[in-house]
Ligand SMILES: [Zn+2]
């Protein structure tokens, strides 16, 4: 199997004063365009809610019945018309502006297909990134990155662009600590992916524990995340008491933004550590495909699944590629309802039920470990490597302390 590989590398950039002003202007224009396009879609949707025979006072925007929904292509096309009317739109590079429409479209798709919330208007300063979707030639020369219309911006290439990769897209992000460029790299040659061979490992992502592996290891979420979250709450409460428009409020906003960034960095760091830890154990790793899993679950926790785990799987994929570990996602449906030892369907478990206990073969293990084992078996079966032999009773004794302690506690409880 061969595939094209995508990598995202994030670098700090240092625009000078005039470039920074230009970038801030662009962000503001993009925000206005975003809000305008969202309002257009919203009005169309609201006009369809209004009954024909009862003219509602709430929906006074009467849009003709035959007018089609302003989708991505229509809105993108309307941009060139809007430019004639509002010349300030021309300040922004046209592709960057088109990307804003794509972004809104994505938000709507998440709303429709993955039951995210209805897209919201962005307040001042809430749109923090812009996408440059296309580059004819390599924009990075020496210590500079050349952005269309902006010109050469100083960049800190703290790690080199790997050989055989070209710059596909550049996302410019304004964070609390400064400006960053997230560079999307694509391999220009097709790289043969790693052949699946050697030890295999299945992992289950959970809400209670971060990860359970088919080897019986449970990796908990680090405690400091909870501490950081409470610190964040405290700062946000303080912020809410500050007077609007005051200098102290601005300072408080800065503090909250910096903490958000710190949490993001800490989480990413943790993800990399776990990914390396897993890749050191096995040559083949299987994980659940979250897109399928999110659909199989209720409204609850979908955001958690997407935000935390999606990011982790991306990291894991990257680390696995770097370390020549074969990585594949498998169907996650019903992984917690099957006995990994004998394959019997044991039925749905309540969230509170932490132990898997098979009525058929008597196999007992942690609930998430059982799910991870099923994931591993599915992955191996999909590769045609056959299902691993059923786990013997002794193996449970060999599992790391964490599990046996949990088991003991569970036994005591029951
Ligand atoms: Zn069983």
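Modelled spin labels at residue 121 and residue 276, positioned 7 Å past Cα toward Cβ, are 4.7 nm from each other. Computed from label points 7 Å out along Cα-Cβ, the spacing between residue 234 and residue 86 is 4.3 nm.
State the extension gain, in nm to one decimal, for the chain segment bounded by residue 260 and residue 16, taking 0.36 nm per residue of separation less the distance between their alpha-carbons. Spell out each step's value before the answer.
Numbers: separation 244, 0.36 × 244 = 87.84 nm, distance 2.52 nm.
Residue separation times 0.36 nm, minus the Cα-Cα distance, leaves 85.3 nm.
Compute the FRET efficiency between residue 314 and residue 241 as 1/(1 + (r/R0)^6), taking r as their Cβ-Cβ distance and R0 = 45 Å, and round to the nearest 0.05. Write out the running numbers ahead of the final one.
On the way: r = 38 Å, r/R0 = 0.85.
Efficiency, from the Cβ-Cβ distance: 0.75.
How much length would be gained if the chain were fully extended between residue 248 and residue 69, taking 0.36 nm per residue of separation minus their Cα-Cα distance, in nm to one decimal?
Numbers: separation 179, 0.36 × 179 = 64.44 nm, distance 4.44 nm.
Result: 60.0 nm gained on full extension.
Subtracting the Cα-Cα distance of residue 364 and residue 156 from 0.36 nm times their residue separation leaves 69.6 nm of extension gain.
Mean silhouette area of segment 2-187, derived from the convex hull of its C-alpha atoms and averaged over all directions, reads 14.0 nm². Take every pair of alpha-carbon atoms less than 8 Å apart whose residues are at least six positions apart; their mean separation over the length of segment 146-263 yields a relative contact order of 16 percent.
Among 182, 96, a tally of other beta-carbon atoms within 10 Å of each Cβ gives an order, fewest to most, of 182, 96. In this simple spin-label model, placing a label point 7 Å from the Cα along the Cα-to-Cβ direction at both residue 333 and residue 149 gives a separation of 4.6 nm.
As a length-normalised measure over Cα pairs under 8 Å and 6 or more apart, the relative contact order of segment 2-187 settles at 36 percent. Among 264-274, 332-342, the peptide with the highest mean count of other Cβ atoms within 10 Å heads the list, and the full ranking is 332-342, 264-274. Segment 152-227 and segment 248-279 have Cα centres separated by 15 Å. Peptides 350-357, 65-72, 140-147 ordered by packing proxy, namely the average of other Cβ atoms within 10 Å per residue, highest first: 140-147, 350-357, 65-72.
A simple packing score, the average count of other Cβ atoms within 10 Å per residue, orders the peptides 9-22, 211-224 as 211-224, 9-22, with the highest score first. Measuring r between the beta carbons of residue 95 and residue 349 and using R0 = 60 Å, the FRET efficiency lands at 0.75.
Only the coordinates and a few stated rules stand behind these numbers; no lab work does. All values derive from a computational prediction rather than experimental measurement. Counting neighbours? That spans all protein chains shown, and the Cβs are built from the backbone with ideal geometry, glycine included.
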